[in-house]
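None of the figures in this text is laboratory data; all of them are computed from the coordinates on show. The model shown is predicted, which means the values in this text are computed figures rather than measured ones. Note that each Cβ is placed from the backbone with ideal geometry, even for glycine, and that neighbours are counted across all protein chains shown.
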Ligand code: NZQ
Ligand code: ZN
């Protein structure tokens, strides 16, 4: 167990019929807000109506900034920053999934500086202050609703970079599982894959040999994510399953699982971000392709942790450590297939000939994230296993 500081300032309001809190919670930060949302799913269900009614009832003026796309882009963030500055908004309200919340975080930070917001993502500037942020989460996946991370794609340079700062943690996030009833099966599955990836990045990259508390916490969350995802695919309005999946996804990347692990890395995400940057692949869909490949590459020289996951999560009985590790990786890959998430570049219609360009694209993020040992050759070897 390594030393750690855990600071979870985000107020979580969880459960049925909680969206009506967004107005009273946001008005504590000011009377004029920027309302950020996506391409319209919240207008097809009744989330938009619930949110705008609550904001109006609390006496808030909302300037709207719709149109955040999945794998959110820098140009749209820049427009949002201009809008926030022009209207001198006092807070930002994000209603959507990780793409919307991440865009809102970038707007909150960018509205407080005079330099380009992309400098935060290139590691050239640090976030020193931000506008207050309140969220209504509509998709269980990224965990952005309770963490300090944000991921944006620079469509000019075709780079998808993530950065983080404690200050970026939302002040309030409202998690109403009924808001996720309309999430299509594809994004329900991709969200579950993403949450599992968040667990396994920590689980496999920690160098601390004594992490029994975190291991069992992460193993338990992974089991619950797989079980609740199966149930929500069978019945999209299964409240209990949607609630379990939503809370597991938040817990998977709010800092709790990583506490005490010491240094960890996100190599699978580093590679996946290039798939999304170059081919606009949904984040979770890219991860279900990259994860088994990275795991089998890494298990070759250090099978122990992979065998532990195989035995504890997939009940693999194999005595030999390496064969047990491979059994677990295959079981995870079968689960991806079962929930309809892709498991190969071919499934994503990405040609093998693209591997060198994808590997080259990932090098900038490998450098910014200080991921040692991931040169073009290594990333190409891992991508070769994704064919
Ligand atoms: O455009 P809208 O209307 O929002 O539709 C979205 C989008 O088309 C739709 N959707 C969301 N809630 C819905 C719904 N459709 C019907 N009913 C609902 N209730 O689903 C699609 C995907 O939404 P998106 O926000 O893109 O998905 P997700 O939540 O998986 O976010 C993905 C983004 O999060 C980033 C990823 O890189 C990606 O850009 N991540 C952020 C992290 C963080 N901040 O810590 C960490 C993660 O590793 C991840 O990188
Ligand atoms: Zn992720």
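The calculated P(r) of the stretch 183-384, using every Cα pair and 10 Å bins from 0, goes 9, 36, 39, 16, 1 in percent. Taken along its three principal axes, the alpha carbon spread of the stretch 113-157 comes to 30, 25, 14 Å, from the longest extent down to the shortest. Remark: relative contact order (the chain) = 16 percent; criterion is Cα-Cα distance under 8 angstrom and separation of 6 or more residues.
Suppose R0 equals 30 Å. What FRET efficiency, 1/(1 + (r/R0)^6) with r the Cβ-Cβ distance, do residue 240 and residue 44 give to the nearest 0.05? Taking R0 as 30 Å, the efficiency between residue 240 and residue 44 is 0.80. Just report the Cα centroid separation between the stretch 261-301 and the stretch 137-166, whole Å. If you average the Cα positions of each part, the centres end up 15 Å apart. Descending by average beta-carbon neighbour count within 10 Å, the peptides 290-298, 52-60, 223-231 line up as 290-298, 223-231, 52-60, the highest first. Peptides 111-117, 66-72, 132-138 ranked from most to least packed by the mean count of surrounding Cβ atoms within 10 Å: 132-138, 66-72, 111-117. In this rough spin-label picture, where each label sits 7 Å from Cα along the Cβ direction, the residue 385-residue 119 distance is 4.0 nm. Dividing the summed -39500 (n - 2.57) terms of all DSSP H runs of n ≥ 4 by the residue count of the chain sets its mean residue ellipticity at 222 nm at -15500 deg cm²/dmol.
All C-alpha to C-alpha distances of the chain, sorted into 10 Å bins beginning at zero, yield P(r) values of 5, 24, 34, 25, 9, 2, 0 percent in whole numbers.
The C-alpha atoms of the chain define a longest principal axis, and helix 74-86 lies at about 20 degrees to it. Mean-square fluctuations from a GNM of the chain, with a 10 angstrom spring cutoff on Cα atoms, peak among 63, 358, 22 at 63. Any chance you could check the Cα centroid distance between the stretch 77-133 and the stretch 202-257 for me, in angstrom? Comparing the Cα centres of the stretch 77-133 and the stretch 202-257, I get a distance of 29 Å. One decimal place: the segment residue 302-residue 3 gains 105.2 nm when fully extended, by the rule 0.36 nm per residue minus the C-alpha distance. For the options 303, 267, 212, a Gaussian network treatment of the chain with springs between C-alpha atoms closer than 10 Å singles out 212 as fluctuating the most.
Largest GNM mean-square fluctuation across 357, 241, 366, computed for the chain with C-alpha springs under 10 Å, falls on 357.
Taking the Kirkwood radius as Rh and the Cα radius of gyration as Rg, the stretch 11-179 has a ratio of Rg/Rh equal to 0.94.
Ranked by the mean number of other Cβ atoms within 10 Å of their residues, highest first, the peptides 8-18, 159-169 come out as 159-169, 8-18.
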